[in-house]
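A short worksheet on the structure shown next.
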Amino acid sequence: MARNSVTTGNGRWIGAVDAVVFDVFGTVVDWRTGVAREFERAGTRAGVQADWLGLATAWRSRYAPTLLRVVSGEVPWRSLDELHRMMLDDVLTEHGLTGFTDTDRAELVSAWHRLSPWPDSRDGLSRLRETHITATLSNGSTALLIHLARVGGLPFDAILSAELIHSYKPDPKVYLMAADLLEVPPPRLLMTACHLEDLRAAADVGLRTAYIPRPLEWGPGHPAAPAPDWVDLIATDIPDLARRLAP
C-alpha cells in the first residue's frame with residue numbers, strides 16, 4: 001500500500017508513508033474537559049466541592065511518572081484502569097477529598113473511556129483514512145480505546161494498545177510492535193502526537209513523526225511546546241495532517 005513521498009513545508013523529504021498511528025489522550029481526545037466534567041458529577045453526588053479542572057490536571061500529571069515506573073520494571077505491569085485508580089486515590093488523599101465512595105471512584109476511572117474528541121478529530125481521521133491506514137497507538141487498554149472510538153465516532157482502521165505487549169510508551173517495543181502488526185517498515189509508519197516525548201521515542205526506533213500541538217490540552221496559560229528540528233511534520237490539526245499527506 002505504498003504512498004507518494006511526502007515533503008514538509010520546510011522542504012524536508014521524509015519518504016513514503018503507508019500508515020499513520022496516533023497517540024490518543026490529548027492528541028485525539030480532550031481528557032481535561034471530560035475528566036473535570038465527570039469529577040463535577042461525582043462531586044455533586046457526594047456533596048463535595050473542589051476545583052474540578054485542577055483535580056483533572058493533578059490526576060493526569062501523575063500519568064507519565066507512574067507509567068515510567070512500569071516501563072523501568074520498578075513496579076509490575078498493571079492495566080491502565082488499575083493505574084488510574086491508584087493515581088486517583090493518591091490525588092484525592094492529597095487534596096483531603098474523602099467523600100468519594102468506591103463506586104464514585106470506579107465511575108471516575110471509567111470516565112477515561114468516555115472522553116470526547118477534539119472538534120477536528122473525526123473529520124480529519126475520515127479524510128486521512130481515504131489514503132492511509134490509520135490506527136491508535138496508545139497506552140489506553142484495548143477496551144478503553146474501542147469505547148473512545150465508538151463514543152466519538154472515530155474511524156480508525158485498527159486499535160493498537162501498548163497493553164498487547166504488557167508495556168507502555170515510551171518503551172521502544174511499543175512502536176516496533178505497531179510496525180510489525182501493521183506490516184509497515186518503521187520509516188513508512190508515521191507516529192502522530194501532541195507530546196514530544198512520545199515522538200522522540202518513536203523517532204529513536206526509526207518511525208517518522210508528526211507533531212500536532214494542542215494548546216488547550218492543559219488549559220489556558222499552558223501553551224504547546226515549540227516543535228524541535230527533528231520532528232518530520234508539523235500540522236495544525238488532523239485535517240491539516242490529512243492534507244499534507246494526500247497523494
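The values are calculated or read from the model by the stated rules, or taken from the named source; none is laboratory data. Source: prediction; values computed, not measured. Note that we place each Cβ from the backbone using ideal geometry, even for glycine, and neighbour counts take in every protein chain shown. For accessibility, only protein heavy atoms count, side chains too; no ligands or nucleic acids. Shrake-Rupley method; radii C 1.70, N 1.55, O 1.52, S 1.80 Å.
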* Of the listed values (1) 19.8, 76; (2) 16.7, 49; (3) 18.1, 57, grab the one calculated as Rg and Dmax of the Cα atoms in Å from the structure here. => (3)
* Would you work out what percent of the accessible area of the chain, with all protein chains in place, is carbon or sulfur (probe 1.4 Å)? => 53
* Asked: Long-range amide H contacts for Thr192: which residues qualify at under 5 Å (H placed 1.01 Å from N, peptide plane, sequence gap of 5 or more or a different chain)?
  -> Val21, Phe22, Asp23, Ala210
* Asked: What is the chain's relative contact order, in percent, from Cα pairs under 8 angstrom and six or more apart in sequence?
  -> 25
* Student exercise, the range 180-234 dipole from Lys, Arg, Asp, Glu Cβ charges, in Debye to nearest 20 -> 140
* Specify which residue in the list Thr134, Leu216, Pro155 is farthest towards the positive end of the charge dipole of the range 117-238, using unit charges on the beta carbon of Lys, Arg (+1) and Asp, Glu (-1), about the Cα centre. => Pro155
